[in-house]
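Below is one structure; the comments refer to it alone.
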């Protein structure tokens with residue numbers, strides 16, 4: 001039964017990773033598009049330009065978390081001697097995504113929807129991968 005939880009948890013970790021690649025794209029590649037910076041509550045081009053370096057940096061944090069989750073899942077899939085590394089890397093990455101979502105909602109409760117978008121997939125991944133690891 002543990003392998004079923006691990007497999008489903010890995011799927012959610014991949015989905016969380018892909019979502020964070022999309023967020024990276026918004027923050028680091030497409031930030032200068034008004035439709036993108038408006039998604040983040042920025043109301044003027046001037047403010048978007050001021051925030052651009054921070055958004056770029058934040059986008060790369062999201063990319064690094066995504067890479068960690070995706071690489072962790074690849075290690076999980078490889079199994080064998082890489083299983084432990086896969087568990088650690090996957091849980092660290094999706095756990096960090098979840099923690100970032102919690103920081104977002106705690107720092108500004110009006111951003112609860114964004115935090116839920118950012119944190120739901122990682123939460124499910126953390127729960128399922130943990131249960132899978134404990135029951136295998």
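Bear in mind that the values in this text are calculations on the coordinates, not laboratory data. What you see is a predicted model; the values in this text were computed from it and never measured. Note that each Cβ is placed from the backbone with ideal geometry, even for glycine, and that neighbours are counted across all protein chains shown.
If you scan region 92-118, which residues turn out to be closer than 16 Å to residue 67 by Cα and crowded, with 20+ Cβ neighbours inside 10 Å?
93, 94, 97, 98, 118 - these are the residues of region 92-118 that are closer than 16 Å to residue 67 by Cα and crowded, with 20+ Cβ neighbours inside 10 Å.
Quick one: which of 63, 121 is crowded, with 21+ Cβ neighbours inside 10 Å, touching a residue at least 12 places away in the same chain (Cβ under 8 Å) and within 17 Å of the chain's Cα centre (by Cα)? Don't jump to the end; show me each part of the working.
Values: 63 fails: crowded, with 21+ Cβ neighbours inside 10 Å.
Only one candidate passes the filter, namely 121.
Within region 4-26, is there a residue that is farther than 20 Å from residue 120 by Cβ, touching a residue at least 40 places away in the same chain (Cβ under 8 Å), exposed (fewer than 15 other Cβ atoms within 10 Å of the Cβ) and over 19 Å from the mean Cα position of the chain (by Cα)?
Within region 4-26, the first condition is being farther than 20 Å from residue 120 by Cβ, and the residues that meet it are 4.
Right, trim to touching a residue at least 40 places away in the same chain (Cβ under 8 Å) and you get 4.
Now narrow it down to the ones that are exposed (fewer than 15 other Cβ atoms within 10 Å of the Cβ): 4.
With the extra rule that they be over 19 Å from the mean Cα position of the chain (by Cα), the set shrinks to 4.
Yes: one or more hits.
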